[in-house]
Amino acid sequence: MAAEGLRRARVRRPRAPAAAGFVSHDEAFRTLRSNVLVATSELAHPSIMITSAVPGEGKTSTCAALAESIAASGPMVVAVDLDLRRPDLHTRFGVENTRGVSDVLSGRATVADCLVRVGLTGDAAAEAADPDDTTDRGYPGRGALFVLPAGLPVSHPSELLGGPRTAQVLEALCEHADFVLIDTPPVLPVADALGIGRLASGALLVVETGRVPLPAVQRAKAELARNQIRVLGMVLNRFEDQGSLAPYHYDYTADAAPSASTVGDLSRLFGRSRNGSRPT
Ligand SMILES: Nc1ncnc2c1ncn2[C@@H]1O[C@H](COP(=O)(O)OP(=O)(O)OP(=O)(O)O)[C@@H](O)[C@H]1O
Ligand SMILES: [Mg+2]
């Protein structure tokens, strides 16, 4: 597989208007989207983990905004909250977190029970509704966005996430969605993201510029590499400078088929199967 470069996308602040020398929030995420689409163009249904070195660097914000931006360009996107320690993705989309991944992994619910379809907002909604807009990868539809909340926090997330059901859940979502974005805990304090990353096509490493020291970022990147997790690129959050670009490489590995008891009937929920055919 040919490696593609993915340049750093700069995110200054959520929903910031464009100002001299800076890109707006929406523009930054359109750039990030384009780079992600290019970097994953040879993958049928990519799953991308969003992580960072330390807490609070902007993982959840990036995951939510990127999911909206990608969905606005036509694909069907699922944003999954695998941060079972500080679940927060649901709040970005205004959905409840009464059941989710922790319930699926504990066998109390199926993925289909927990998935919630959310509407696009702001620029993403306008872009999705624009009949003249051409999509980056030629997706025919208007795009759709689903959220799989984390569910209630659990006492031993690493053990729960490390079981085979996590692979089943991600595999099932990739079967049905064009893109799966995964919000995770940071790499350095806990091992969760390293386990999750091994199941994903690759990772985006969010870096809060100006706060997190370079050695911490380098250690996080080294941990990802040590666990054979491909870093698709770095998202420089709260970036205040128009700095240089840097290439990163990607690759893809497939996982085993999911079981119906974990997953439920996703074809019916999404309104189509992986090959695009409608459920009978
Ligand atoms: N570019 C930005 N400009 C201003 N505020 C931001 C920016 N990015 C994130 N924030 C804010 O910083 C806080 C932390 O962001 P977020 O929750 O996305 O980080 P996180 O990496 O998911 O944190 P955690 O490690 O706790 O899960 C949030 O209040 C968010 O709104
Ligand atoms: Mg978070």
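The values are calculated or read from the model by the stated rules, or taken from the named source; none is laboratory data. Bear in mind the structure is a predicted one, so any value in this text is a computation, not a measurement. Glycine gets a Cβ as well: all are built from the backbone with ideal geometry, and neighbour counts include every protein chain shown.
Within region 81-93, the set of residues being in contact with a Cys (Cβ under 9 Å, 6 or more places away or on another chain) and not in a helix (DSSP H, G or I) comprises 81 only.
All told, residue 64 falls short of being more than 10 Å from ligand 2 (Cβ to nearest atom) and in a helix (DSSP H, G or I). The residue pairs whose first member lies in region 49-72 and is closer than 13 Å to residue 32 by Cα and touching a residue at least 24 places away in the same chain (Cβ under 8 Å), whose second member is within 6 Å of ligand 1 (Cβ to nearest atom) and hydroxyl-bearing (Ser, Thr, Tyr), and whose beta carbons are closer than 9 Å, counting only pairs six or more residues apart or on different chains, are 50/60; 62/52. Flag not set for residue 112, criterion: at pLDDT below 95, away from ligand 1 (no atom under 16 Å from the Cβ) and not in a loop (DSSP other than H, G, I, E, B). Within region 154-208, being modelled with pLDDT under 95, assigned to a helix (DSSP H, G or I) and among the polar types (S, T, N, Q) holds for one residue alone: 158. Exactly one residue out of 55, 14 is within 16 Å of ligand 1 (Cβ to nearest atom), modelled with pLDDT under 95 and either charged (D, E, K, R) or surrounded by fewer than 24 Cβ atoms within 10 Å (Cβ to Cβ) (or both), and it is 14.
Quickly run through region 95-113 and pick out the residues that are under 17 Å from the mean Cα position of the chain (by Cα) and more than 16 Å from ligand 2 (Cβ to nearest atom). Across region 95-113, the qualifying residue is only 111. Within region 49-61, restricting attention to residues that are out of contact with any Lys or Arg (no Cβ under 8 Å at 6 or more places or on another chain) and within 22 Å of residue 124 (Cβ to Cβ), which residue is farthest from ligand 2 (Cβ to nearest atom)? The selected residue is 49. Which of the residues belonging to region 163-211 are among the β-branched types (Val, Ile, Thr) and farther than 19 Å from residue 65 by Cβ? Within region 163-211, 166, 169, 187, 190, 196 meet the criteria.
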